[in-house]
Ligand code: TMP
Ligand code: ASP
């Protein structure tokens, strides 16, 4: 048992969320902000209602994943833009899963935007803003001791399972899950838990009814590339996600 901590103290402020202590040292309160950044915070702005929308979307998706046996940090969501989560030590890794070529994979390999991958690609990036979150090789990951070989194996398996669950879910929403980023943490009982958020900030989501490469975008690429109608796209994702029960 750890000692009680004063509740309501800000312990971390990131680009999209603030973390506060609670009376229970094993529980933190996450506050989702409307602030939006892109390109390692070189572009800054705000998406009206994003905090509430991302909190609600993440809440639904964490519940879906928990129901499918994925351990997450989510406990409950006491208000529209707040989530109570298990305290974890975040691994300094961004785990990206890709089903379709887009974004940096497109830019760095020359593969055509929209190419469907024969099998999902799992990539590890170093979560380090000062270095611009570089893509890691396995050897560099181990060199920097960012995770153990056993943890990397566990992360790879969890990422692929999460991809399968989320791809199926978004399919039922009429949305293609192009790619997404996950973060994981270790809790006080040394369990590996899915953490952070799953939202249009962290996923590429394409509307299946639309083949137009600009119109189909329902995620933060609308903000990154000034495509307009950002709030409406997030709202549409929220409505479709909430309309789908977490049962198959
Ligand atoms: P990328 O194609 O720019 O590497 O992005 C891959 C996925 O990761 C995409 O769904 C957006 C998400 N992502 C984040 O959540 N945070 C980030 O800082 C970046 C660069 C990407
Ligand atoms: N996380 C990025 C940033 O540092 C935003 C993004 O491209 O998703 O601003």
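Read the figures in this text as sums done on the coordinates, not as results from a lab. Just so it is clear, the structure is predicted and the values come from calculations on it, not from any experiment. Methodologically, a virtual Cβ is constructed for each residue, glycine included, from the backbone with ideal geometry; neighbour enumeration extends over all protein chains shown.
Things to note:
- Once the Cα-Cα distance is subtracted from the 0.36 nm per residue extended length, the residue 68 to residue 15 segment shows a gain of 16.1 nm.
- Global geometry of the range 171-239, whether rounded, prolate or oblate, following the gyration tensor of its Cα atoms and the 1.5 cut on a/c: prolate
- Where a label projected 7 Å from the Cα of residue 113 along Cα→Cβ would reach, residues of the range 167-186 with amide N under 16 Å: 178-179
- Model label sites at residue 191 and residue 89, defined 7 Å from Cα along the beta-carbon direction, differ in position by 1.8 nm.
- With contributions of -39500 (n - 2.57) from each DSSP H run of at least four residues, the per-residue ellipticity at 222 nm computed over the chain stands at -9000 deg cm²/dmol.
- Cα-based shape type of the range 47-99, given that a ≥ b ≥ c are square roots of the gyration tensor eigenvalues and the cut on a/c is 1.5: rounded
- Here the extension length gained between residue 106 and residue 232 equals 42.7 nm, from 0.36 nm per residue of separation less the Cα-Cα distance.
- Placing R0 at 30 angstrom, the Cβ-Cβ distance between residue 128 and residue 224 gives a FRET efficiency of 0.90 after rounding to 0.05.
- For the chain, the relative contact order is 18 percent, taking Cα pairs closer than 8 Å that sit 6 or more residues apart in sequence and dividing their mean separation by the residue count.
- Once the Cα-Cα distance is subtracted from the 0.36 nm per residue extended length, the residue 23 to residue 212 segment shows a gain of 63.1 nm.
- Working from label points 7 Å from Cα in the Cα-to-Cβ sense, the residue 245 to residue 160 distance is 3.1 nm.
- Shape call, the range 77-127: gyration tensor on alpha carbons, a/c limit 1.5: prolate
- Directionally averaged projected area (the range 15-85, Cα convex hull): 5.4 nm².
- Reciprocal of mean inverse Cα separation for the chain (Kirkwood radius, Å): 18.6
- Its relative contact order, with pairs defined as Cα atoms under 8 Å and 6+ residues apart, puts the range 25-87 at 41 percent.
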